[in-house]
Amino acid sequence: MPRELITLQVGQCGNQIGCKFWDLALHEHAANNAQATFQPSMSTFFRNVDAGGRDVGMPTGTAPIQFLKARALLVDMEQGVLDQVMKGHIGELFDGRQLISDVSGAGNNWARGFCHYGPKYHDTIMEKVRHAVEQCDSLQCFMLIHSLGGGTGSGVGTYVLQHLQDEFPNVYRFVTPVFPSEDDDVVTSPYNSILSLAQLIDHADCVLPLCNDALSEICAKVSTEEDKCRRSFSASAAQKSAGPQEVGKPWERMNMLAAQLLLDLTCSMRFEGPLNVDLNEVTMNMVPYPRMHFLISSLTGSIMNLRDTPAGGQPASHYYLRNMSQLFSDAFSRDYQLITADPKQDLYLASALLLRGDVDMADIRQNLARVQRGLRFVRWNPEGWKVGHCAVPPLNQPRSLLCIANNCCIADTFTELRARFMRLYKRKAHLHHYTEFVEQDHFEQSLRAVDDVIGLYDDARTSYGGDMAPPKRLQVVC
Amino acid sequence: MAVRPVVATVQLGQCGNQLGLELHDTLLREAAASGDAAFLRDTQETFFRTTETTSSSQGKLVARAVLVDTEPKVVEGVMETARRSKGWQYDARNAYHQQGGAANNWSFGYKHLGPTVWSNVADMIRREFEAADMVGGVLLLGSLAGGTGSGVGTYVTEMLRSEYRKSLLLNGVVWPYSTGEVIVQNYNVCLSLSHVMQDTDGVIMIENDHIHDICTKLLHINHVTFSSMNSVISQHLANILLPSNRCYATSSSCSNHVKSRERTSRRSFLN
């Protein structure tokens, strides 16, 4: 039976991404499960329960699905989003014991989330976490999904993260934070981001940041390309009407990208493949030094799922399929990174390629050798690649590539966040809302933590870049 | 009929298990293709055993193999594949897997997982040898880049050496691609080999780069997969492991081969 993963979706953004994630996960598993039995692969995210909510035996692949419950906790300090989730088509995946909510909201204030709501709901949250952990046979990872710009996701989210580390130190903590864009409508988002980032530096094992600007650009690009392709085919009226449905709201498409990232990251945990990659291997290979655990990701192939998958499972556009060379080129292009960054121009400390679907080993090695020539790797590990291949393709696509990189360009993202923080902090603007809950020194400590990590990446650029003569490999003489 | 020394295979990690599946199939196929009934019988005796025919079922050919992994999917998949598609199968009692994985971490595999694995696997190997009239040795298969094949494999090698001092111990190790397959592969390879060299009688070196070139340049395979590479590796291993002469009364060709190399060097790296 595969290892289990518990998802914690905190705040409005976290819950909206989380809901898209569960929707996509259900579709993905349904597409690979013609008999509608509870497959072992499903036990990573779901439990099979009876009408009384009790687990129905071990997942052997032959037991029919009775009721599916997600291994998740939904936390929000306002009720609006959670109410929508429970009324929506995936509401059945959750029961009341998995929800923690309040009415007032955190007011876009990290300190209110971290110092007021966190402790207020500490016992409730940790008891529900313990309950979810007890329902697992071999829990591997907590996945925290939240945004850094608001109050609940940032404050309560990082509070919970800290306590997960204290109570379950052997369970990995993966975090998918959404960084605020420069024109974010929350004025205090720079404060919330830096204060959260300091917590992620200390308490997360692996962070895969997302940025709204980058997600929005990818969605726009994919939309434009698909329109071009559709127009270039002389589509009959029948074909037009049989085509897949477009997702209306841009936020939904962006949330779908984030959800796809999580599915592609965990596919090897769930499905078989010639070269499996677990989440513990991601942390082992991608994090050379403990505090440098911020990974930049890019998605190619499965981003074609940016149209809402209708319940009928209608296939997406087949006329916009990327071949392997295109996937590899796109993966290292700035246009497909999920944060606003250009890793190709900076130094790679490590890189992982997680492929899904119809992929040849020869193609992988050939393309890897090709892209490697254009990238700068640390001189002490020029072959710093981790490769994984899962046989099961993403939904409606023949293949996809998720590239995760530990690249020094993340320091620029932090520096830019820091600059926005300082613009407010120099004027002590809005500070009094925070000092109601924390000492001002907390701001200084957080800034130092972030500066420390920026310094580590800057040092890496200067010390570990440059060429080194490759050492001779052991020659095996026949 | 002369008694043949048997070889038990320990398949470690994803690579070791996938390769072991292909190897056993290749050994049988090669022996069957020779058209020599005695050769086939001896190959079957060396690497397989036949379960007893009962009133309800025919005797089946069961590989003298132990399957070990630190996560469940591969072992279960390999056993199922053998059972469904091949004319032989694995013994369900000889499969051991954990849940958490070795995280590509040699030290985690060696220090933390190794003792637990050995406490389960020792009995499986002992049972295989007790079912045989003469013990030839153990062949361990695994990759050097990951955590299970390298770390757990190193521990199991040490334990096998201390348990079976006089038996032949061969390690079939797969080297990762030089362009990168696991980021910490260099650590795992060096740590494994430095330990294994103390205890093994021979290390059969299999390089992914080399095998990949064979597939593309010699065999002109357009779509190289791990399955095609495992076929080539299995062929290579079968050349060493299959009885190479018709004097079946003497010891296996494999131990002769290793002993002859040992006259020239203290430890033998075979390629």
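The values are calculated or read from the model by the stated rules, or taken from the named source; none is laboratory data. These numbers were taken from a predicted model, which means no experiment stands behind them. Every residue, glycine as well, gets a Cβ built from its backbone with ideal geometry; the counts of neighbours run over all protein chains shown.
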(message) Quick check on my filter: what residues within the range A:275-285 are in contact (Cβ under 8 Å) with a residue 60 or more places away in the chain, at the interface with another protein chain (Cβ under 7 Å from one of its Cβ atoms) and over 20 Å from residue A:365 (Cβ atoms)?
(response) A:278, A:280
(message) So in the range A:350-381, with the set limited to residues that are surrounded by fewer than 18 Cβ atoms within 10 Å (Cβ to Cβ) and touching a residue at least 60 places away in the same chain (Cβ under 8 Å), which one is nearest to the other protein chains (Cβ to nearest Cβ)?
(response) A:380
(request) Please specify each residue of the range A:138-189 satisfying the condition of being more than 15 Å from the chain's Cα centre (by Cα), assigned to a helix (DSSP H, G or I) and of a type outside the set (A, V, I, L, M, F, W, C). (result) A:152, A:154, A:155, A:158, A:159, A:162, A:163, A:165, A:166, A:167, A:189
(request) Identify, by number, the condition in (1) within 17 Å of the chain's Cα centre (by Cα); (2) part of a helix (DSSP H, G or I) that residue B:41 doesn't meet. (result) (1)
(request) Out of the residues in the range A:86-101 that are in a strand (DSSP E or B) and among the hydrophobic types (A, V, I, L, M, F, W, C), state the one that is surrounded by the most Cβ atoms within 10 Å (Cβ to Cβ). (result) A:100
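Listed here are the residues, each with its yes/no results for (1) modelled with pLDDT under 90; (2) among the basic types (Lys, Arg).
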residue	(1), (2)
A:425	no, no
A:428	no, yes
A:456	no, no
A:474	yes, no
(request) Take residue B:121 and decide whether it is assigned to a strand (DSSP E or B), away from every other protein chain (no Cβ under 14 Å) and touching a strand residue (DSSP E or B) at 6+ places or on another chain (Cβ under 7 Å). (result) no
(request) Give just the number: which of (1) away from chain A (no Cβ under 14 Å); (2) closer than 23 Å to residue A:40 by Cβ; (3) among the basic types (Lys, Arg) does residue B:49 not satisfy? (result) (2)
(request) Determine which member of the set B:73, B:60 is within 14 Å of chain A (Cβ to nearest Cβ), on the phi < 0 side of the Ramachandran plot and more than 18 Å from the chain's Cα centre (by Cα). (result) B:73
(request) Just give me the residues in the range A:247-296 being touching a Cys at 6+ places or on another chain (Cβ under 6 Å) and among the hydroxyl-bearing types (Ser, Thr, Tyr), in sequence order. (result) A:268, A:283
(request) Would you point out the residue of the range B:185-195, among those that are surrounded by fewer than 24 Cβ atoms within 10 Å (Cβ to Cβ) and of a type outside the set (Phe, Trp, Tyr), that is nearest to residue B:241 (Cα to Cα)? (result) B:193
(message) Which condition from (1) touching a strand residue (DSSP E or B) at 6+ places or on another chain (Cβ under 9 Å); (2) modelled with pLDDT under 95; (3) crowded, with 24+ Cβ neighbours inside 10 Å is the one that residue B:141 breaks?
(response) (2)
(request) Enumerate the pairs (first residue in the range A:50-67 and closer than 14 Å to residue A:137 by Cβ and surrounded by 10 or more Cβ atoms within 10 Å (Cβ to Cβ); second residue anywhere and among the aliphatic types (A, V, I, L, M) and modelled with pLDDT under 80) with beta-carbon separation below 7 Å, excluding pairs fewer than 6 apart on the same chain, so at least 6 apart or on different chains. (result) A:58/A:1; A:59/A:1
(message) Any residue that is within 14 Å of another protein chain (Cβ to nearest Cβ) and either charged (D, E, K, R) or part of a loop (DSSP other than H, G, I, E, B) (or both) - is there at least one of those in the range A:35-48?
(response) yes
(message) Regarding the range A:117-136, can at least one residue be identified that is under 21 Å from residue A:262 (Cα atoms), touching a helix residue (DSSP H, G or I) at 6+ places or on another chain (Cβ under 8 Å) and buried (at least 17 other Cβ atoms within 10 Å of the Cβ)?
(response) yes
(request) Would you check if there is a residue in the range A:137-151 being under 30 Å from residue A:420 (Cβ atoms), more than 14 Å from every other protein chain (Cβ to nearest Cβ) and free of Cβ contacts under 8 Å to residues at least 24 places away in the same chain? (result) no
(message) So in the range B:13-35, with the set limited to residues that are farther than 19 Å from residue B:80 by Cβ and aliphatic (A, V, I, L, M), which one is nearest to the other protein chains (Cβ to nearest Cβ)?
(response) B:27
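Conditions (1) over 14 Å from residue A:72 (Cα atoms); (2) not acidic (Asp, Glu), marked per residue:
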residue	(1), (2)
A:4	no, no
A:7	no, yes
A:13	yes, yes
A:18	no, yes
A:29	yes, yes
A:36	yes, yes
A:41	yes, yes
A:45	no, yes
A:52	yes, yes
(request) Answer yes or no as to whether residue A:127 is assigned to a helix (DSSP H, G or I), farther than 19 Å from residue A:11 by Cβ and either in contact with a Leu (Cβ under 8 Å, 6 or more places away or on another chain) or within 14 Å of chain B (Cβ to nearest Cβ) (or both). (result) no
(message) Restricting to the range B:47-59, count the residues that are in contact with a helix residue (DSSP H, G or I) (Cβ under 9 Å, 6 or more places away or on another chain) and more than 16 Å from residue B:91 (Cβ to Cβ).
(response) 0
(request) Pull up the range A:398-418, narrow it to residues that are assigned to a helix (DSSP H, G or I) and of a type outside the set (D, E, K, R), then point me to the one that is nearest to the other protein chains (Cβ to nearest Cβ). (result) A:410
(request) Examine the range A:3-26 for a residue that is charged (D, E, K, R), under 19 Å from the mean Cα position of the chain (by Cα), within 14 Å of another protein chain (Cβ to nearest Cβ) and not in a loop (DSSP other than H, G, I, E, B), and state whether such a residue exists. (result) yes
(message) Take the residues in the range A:382-397 that are over 30 Å from residue A:24 (Cβ atoms) and either more than 24 Å from the chain's Cα centre (by Cα) or assigned to a strand (DSSP E or B) (or both); name whichever of them is farthest from the other protein chains (Cβ to nearest Cβ).
(response) A:382
